[in-house]
Structure formats: C-alpha cells, structure tokens
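Input: a single structure, listed below in structure tokens.
Please treat every number below as a calculation from the coordinates, not as lab data. Not measured: the values here are computed from a predicted model. Neighbour counts run over all protein chains shown; Cβ positions are idealised from the backbone, glycine included.
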Amino acid sequence: ISLDHPDIFLTQVRAMLRASVGLDNLTIMLPMVSTVRELDLAMVLINQAFAELLEEGEAVVRPPIGIMIEVPSAVYQIDALARRVDFFSIGTNDLTQYLLAVDRNNSRVASLYQTLHPAVLRAIRQVVEEAHKLGKPVSVCGEMAGDPAAALALLGLGANSLSMSVSNLARVKWVIRSFTSGEAQELLTEAWSMEDPREIREMYNRVLEQRGLGGLVRAGN
C-alpha cells in the first residue's frame with residue numbers, strides 16, 4: 001500500500017524524521033517485505049524524504065532502517081536484504097503461519113500452528129546466521145518471543161533481543177537468567193535431532209521443569 005501511494009508514504013516518513021529532530025531516537029522498520037525490489041523502492045522514498053528535509057533546512061538525522069521478516073520469501077533473500085538495511089526483526093506470528101500454511105485463528109487447524117516446528121526453527125536460524133555474517137542484529141517478536149520454552153530456543157539460535165507483551169516479560173526474563181548461552185545452544189543441538197514439534201516442545205518443557213521453572217509452562221501459570 002505504501003508503494004502504491006508514495007505521496008502518503010513520503011508524508012509519513014517526513015513526519016517521523018521531523019518528530020525525531022533533537023532526539024535522534026528514531027528507527028524505521030518496514031513490514032511484509034517479500035522482494036528486494038520492494039525494499040529498494042521504499043529506500044528511494046525514505047532517502048527522498050530525508051533529502052527534501054535537509055534542503056528545507058531541517059536538522060534531520062538519517063535513522064537506522066530495518067525490515068520485518070515475516071514471509072518465507074524474505075528468509076531466502078537475507079544476504080541481499082542484509083546489504084541494504086541496518087537490522088532485522090523476525091515476526092514469528094506471520095512467519096509461522098505462512099511457513100506451515102496454517103491460519104492460527106481458525107479453530108479447525110489451530111493445533112497445527114507450532115512455533116517450535118523444525119521448519120520454523122531452521123528458518124529463524126538461517127535469518128540469524130546470514131544477518132550476523134554482515135553484522136546486522138536480529139530481534140524476534142510475536143507470541144514465540146513471549147513463550148518461555150520458545151524463548152529458550154531463540155536464545156540458542158542467537159537472537160539479539162526479544163519483543164513481547166508486558167504480561168510475558170517477567171516469565172521470559174526468568175528463563176533467560178536461568179540458562180547460559182552455551183546451555184541454550186546445547187539444547188538446540190538436541191532439538192535438531194527431533195522431527196516432531198511436539199517432541200521438541202516436550203523436551204524444552206522438561207528442561208524447564210528440571211530447573212524448577214515448570215510453573216512457567218503449566219496451564220494457568
């Protein structure tokens with residue numbers, strides 16, 4: 001929609017840049033990027049807005065630009081995308097839904113929506129590894145980031161930061177403080193040998209139980 005209506009997009013970007021003058025705390029993240037060309041076109045518009053404001057005498061600073069990885073096509077273009085942006089955020093809700101072809105809001109198939117599915121974990125690993133090769137940080141957002149068991153897997157995968165609702169923050173912080181990065185990587189190595197997402201989930205839940213954190217994954221806790 002933004003690329004179909006560049007006049008609206010330019011107005012939005014100009015407003016963001018002007019609002020950050022003197023604060024310099026702005027970052028811009030582009031959602032639902034599926035092709036490199038989409039990113040290139042968006043970057044042209046962002047650069048245009050930046051140049052226009054400089055010409056008008058505004059003391060704007062060019063902000064870091066990132067994209068959301070939430071469609072499978074972006075996963076397989078990370079190397080090209082990483083050369084163009086400053087950071088990534090993996091949107092696990094949509095990425096899981098599109099990878100598994102499961103509508104998580106449809107009660108008939110919701111049970112097939114598995115964030116710890118081997119395909120989802122491998123997709124995240126590919127994004128993190130390719131992005132880190134070029135020194136680009138990767139955050140993870142969505143329900144997966146706020147799931148204690150999944151957060152432990154994300155720690156092992158090397159995610160730089162997690163974004164979640166406030167209601168999940170304390171639980172996930174507790175998990176992260178209870179495991180070293182090395183331990184999380186060892187658990188992930190064990191997970192790679194498993195083919196069933198239920199088996200992976202059970203393994204992580206069992207480990208949390210052994211650390212006295214079982215209450216974080218039991219229903220109602």
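Restricting the calculation to alpha carbons of region 54-123 gives Rg and Dmax of 17.1, 57 angstrom.
A viscosity of 1.306 mPa s and a temperature of 10 °C, combined with the Kirkwood radius over Cα pairs in Stokes-Einstein, give a translational diffusion coefficient for region 1-121 of 99 µm²/s.
Can you tally the net charge around residue 62? Count Lys and Arg as +1, Asp and Glu as -1, for every other residue whose Cβ sits under 11 Å from the Cβ of residue 62. Charge balance in the 11 Å sphere: -2.
Length available on full extension from residue 5 to residue 106: 0.36 nm per residue minus the Cα-Cα distance, which gives 33.2 nm. Region 124-165 and region 4-56 have Cα centres lying 26 Å from one another.
Derived value for the chain: Kirkwood hydrodynamic radius 18.9 Å. Basis is the mean of 1/r over every pair of different alpha-carbon atoms.
What length, rounded to one decimal in nm, is gained on full extension from residue 43 through to residue 76, with 0.36 nm per residue of separation minus their alpha-carbon distance?
On the way: separation 33, 0.36 × 33 = 11.88 nm, distance 2.01 nm.
Contour length minus Cα-Cα distance gives 9.9 nm.
Using every pair of separate Cα atoms, the Kirkwood estimate puts the hydrodynamic radius of region 145-221 at 12.5 angstrom. Between residue 62 and residue 163, the C-beta separation translates, for a Förster distance of 35 Å, into a calculated FRET efficiency of about 0.90.
One decimal place: the segment residue 19-residue 196 gains 58.9 nm when fully extended, by the rule 0.36 nm per residue minus the C-alpha distance. If R0 is 22 Å, the Cβ-Cβ spacing of residue 134 and residue 32 corresponds to a FRET efficiency of close to 0.50.
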